[in-house]
Amino acid sequence: MSKNLKHQELILASSSRYRRALLDRLLIPFRIVPPDIDETPKHDEDATALVERLASKKAQVVGQHEASALIIGSDQVAVYAGQIVGKPIDREDAIKQLELISGGKAELLTSVAVLNTLTRQTQAQTVSTLIQFKALTRPGIERPGYDIIEKYSFQRSYRSDGTTYDRAGIDARKRRD
């Protein structure tokens, strides 16, 4: 490990509690700085290009204000039937999305970008995870006592061919690189 890396602060450019929990598992100190960026897809931008652009942009925006840090930016997007599934705007929108995807397969694309502010170099990787959703019914989704986002989020509603870590934004197999 280079001498400079030992003195660089690790910063997570994210407000995601899932990404924070993953970094907490590493038992190394880090700071969280949520980036303020527009996440609107560009005209004709495909899902892979979108997550790669947003992950890099998050790291770059936070990195503008840091002199000696490694900045981790990450983004995810789900694709169902060839269309990007956006983040639900409210509970009803989340229910409709889950009803639409119920019993079907979706692809979850996760991109992670790491910016070294000393060298201004960014390394990035995108991982695709195929998701098979359980069959969900509206009464099951709305069952009292269950938080829809927690109970039926991508983290808990499927079988997958990927790792726990890539679904939450950081692939454990790659974190040592």
Only listed residue being within 16 Å of Q121 (Cβ to Cβ) and part of a loop (DSSP other than H, G, I, E, B), chosen from A67, A55, A59: A67
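Condition check ((1) of a type in the set (A, V, I, L, M); (2) surrounded by fewer than 12 Cβ atoms within 10 Å (Cβ to Cβ); (3) at pLDDT below 95) across all residues:
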{"residue": "S2", "(1), (2), (3)": "no, yes, yes"}
{"residue": "S14", "(1), (2), (3)": "no, no, yes"}
{"residue": "R17", "(1), (2), (3)": "no, yes, yes"}
{"residue": "T48", "(1), (2), (3)": "no, no, no"}
{"residue": "R53", "(1), (2), (3)": "no, no, no"}
{"residue": "A59", "(1), (2), (3)": "yes, no, no"}
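I'd like the full set of residues that are in a helix (DSSP H, G or I) and touching a Gly at 6+ places or on another chain (Cβ under 9 Å), limited to the range 94-111.
Q97
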Breaking point among (1) crowded, with 17+ Cβ neighbours inside 10 Å; (2) touching a His at 6+ places or on another chain (Cβ under 9 Å), for S68: (1)
Looking at A106, A113, A78, A94, which one is touching a Pro at 6+ places or on another chain (Cβ under 7 Å) and either open to solvent by less than 10 Å² (accessible area, probe 1.4 Å) or not small (G, A, S) (or both)? A94
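The values are calculated or read from the model by the stated rules, or taken from the named source; none is laboratory data. Worth saying up front: this structure is predicted, and the values here are computed from it rather than measured. Don't worry about glycine lacking a Cβ; one is built from the backbone with ideal geometry, like all the others, and counts go over all protein chains shown. Surface areas here come from the heavy atoms of the whole protein model, side chains and all, with no ligands, DNA or RNA. Shrake-Rupley method; radii C 1.70, N 1.55, O 1.52, S 1.80 Å.
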